[in-house]
1. Looking only at the range 281-311, count every residue that is at positive phi and surrounded by fewer than 24 Cβ atoms within 10 Å (Cβ to Cβ) and tell me the total.
2. Residues that are closer than 21 Å to GLU125 by Cα: list the helices (runs of 4 or more DSSP H) wholly contained in the range 23-113 that include at least 3 such residues.
3. Quick one: in the range 46-93, which of the residues that are modelled with pLDDT of 95 or more and among the charged types (D, E, K, R) is surrounded by the most Cβ atoms within 10 Å (Cβ to Cβ)?
4. Evaluate the range 347-370: report whether one residue or more is small (Gly, Ala, Ser), closer than 18 Å to ARG306 by Cα and assigned to a loop (DSSP other than H, G, I, E, B).
5. When you go through (1) of a type in the set (Gly, Ala, Ser); (2) under 24 Å from LEU81 (Cα atoms); (3) surrounded by 16 or more Cβ atoms within 10 Å (Cβ to Cβ) one by one for SER278, which number turns out not to apply?
6. Being within 16 Å of LEU23 (Cα to Cα) and touching a residue at least 24 places away in the same chain (Cβ under 8 Å) is the filter here; which residues of the range 55-75 pass it?
7. Could you say which residue among ALA314, ALA356 is under 20 Å from GLU282 (Cβ atoms) and surrounded by fewer than 24 Cβ atoms within 10 Å (Cβ to Cβ)?
8. Is it the case that the range 189-200 has a residue that's hydroxyl-bearing (Ser, Thr, Tyr) and either over 20 Å from GLY16 (Cα atoms) or touching a Lys or Arg at 6+ places or on another chain (Cβ under 6 Å) (or both)?
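The values are calculated or read from the model by the stated rules, or taken from the named source; none is laboratory data. Predicted model only: the values in this text are computed from it and were never measured. FYI the Cβ positions are ideal-geometry reconstructions off the backbone, even for glycines, and counts take in every protein chain you see.
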Amino acid sequence: MNQQKRLAPVAITGIGMLTAQGLTRPETWAGIKAGREVLRPWDGALPPPLAAIKVAQCPPLPRPADLPARLWNSLARTQQLACLCADEALQSAGLPRQRPAGAAPMGCFLATSIAGMTQIERYYEAYRRGGAGGSPDDLRRVQPYETLALLARRHRLTGPRYLNLTTCVGSAMALGAACDAINAGRSPLALAGGTEALCRLILAGFHSLRLIAADGCRPFDRTHPGITVGEGAALLVLEEPSHARQRGIEPLGFIRGYAATCDAYHITKPDPQGAAASAAIEQALASAGVTPQTIDYIHAHGTGTRDNDTMEAAVLQRVFGPAPAAPPVSSTKRLTGHTFAAAGAIEAALCVQALAEGVLIPNSGLREADSGCRLPLVRETVRRDIQMALSCNFAFGGNNTALVLSKTADWGNQHSAGLPRVAAG
């Protein structure tokens, strides 16, 4: 993607979101605003080192009426999460569940990293118990593209399709790719986001890296206990603004800028200097045609690990300046868990909600900020008129993304350019 090119605003006309906070966007948003603690040990059978670790697990998932029980039960959990989110997103955008014949093509841009791992684990457990293995249906949903194909078939999405596997930046990249496709005229609207499920592999893998916070993460806290593993999904309906106007739909918000960079510094650790991460933010601002002073709120990646939080704090201070120059900052990872490939879409959706309601989201779990973090961290939910937000995500392999979101389509450099920042509290 050409990060120097100006991005024309893309309307967000529908959102579906499912997290440990709730099965719908309103339920999740209510929990986020309240800072509701939902972490608990996983329901799945785990060995003693893992059984006590608190995770962010979604509530039981209801089966959609159009999917027969046998099909629903054969789906990977990532697919089930995606189906429920797609239904909510399309409904909130005023679109039918299935695209009618002759309608404008709608693209599908998706990210996942777990894919069908839940099915592999289920099959293996059956094999260990019975020796003959489980049902072949358990292995039919393993490949990552199966989720993309399922959504396209179920909703008759005939536009361009895209699947991203870059872990923690995956769904942010999917949103960016969808915006590029809409700007290029390849499709007037798209369904874009990510889906991720809990599985033993992820929990055991991060535990072996000694990156798990057994009692929950605390982003930017001086203790840096580690991450909280979570699951969830978010899908956004993105639309060319004129197409939304023709449908008589009022956008929920807009994506104004996007950028992605990669420094390939290390397979798991971020570059401590964060040069490519800074570049992603600066390029996203440039693609939106705005300055750092225009941003009213930053949703940080904020995993709770020492390496990520230290790097991110330094990068944000480099681009925006330390407090009080920097806008309010927070991470919601303690409330949703780290949802990996779904994180970018979930956090972009939360930014849209924050902009719409004029709310600064709390940096839940914070006790005492790290001495190197000189940012105005949001300590509790604050009501404030905010017009533009930045959402950052960073991933394994040195991948970095930044999204600029706004409440309206025409908000630009004139906003608060000469006004001093106010402390977040």
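1. Taking the range 281-311 and keeping what is at positive phi, we get 289, 302, 304.
Restricting the remaining residues to those that are surrounded by fewer than 24 Cβ atoms within 10 Å (Cβ to Cβ) gives 289.
Of the residues in that region, 1 qualify.
2. Here the list reads 48-51, 69-74, 77-92.
3. Looking at residues that are modelled with pLDDT of 95 or more and among the charged types (D, E, K, R), I get ARG77.
4. Checking the range 347-370: at least one residue is small (Gly, Ala, Ser), closer than 18 Å to ARG306 by Cα and assigned to a loop (DSSP other than H, G, I, E, B).
5. Evaluating SER278 over (1) of a type in the set (Gly, Ala, Ser); (2) under 24 Å from LEU81 (Cα atoms); (3) surrounded by 16 or more Cβ atoms within 10 Å (Cβ to Cβ) leaves (2) as the failure.
6. Result: ALA56, GLN57, CYS58, PRO59, LEU61, PRO62.
7. Exactly one residue qualifies, and that residue is ALA314.
8. no
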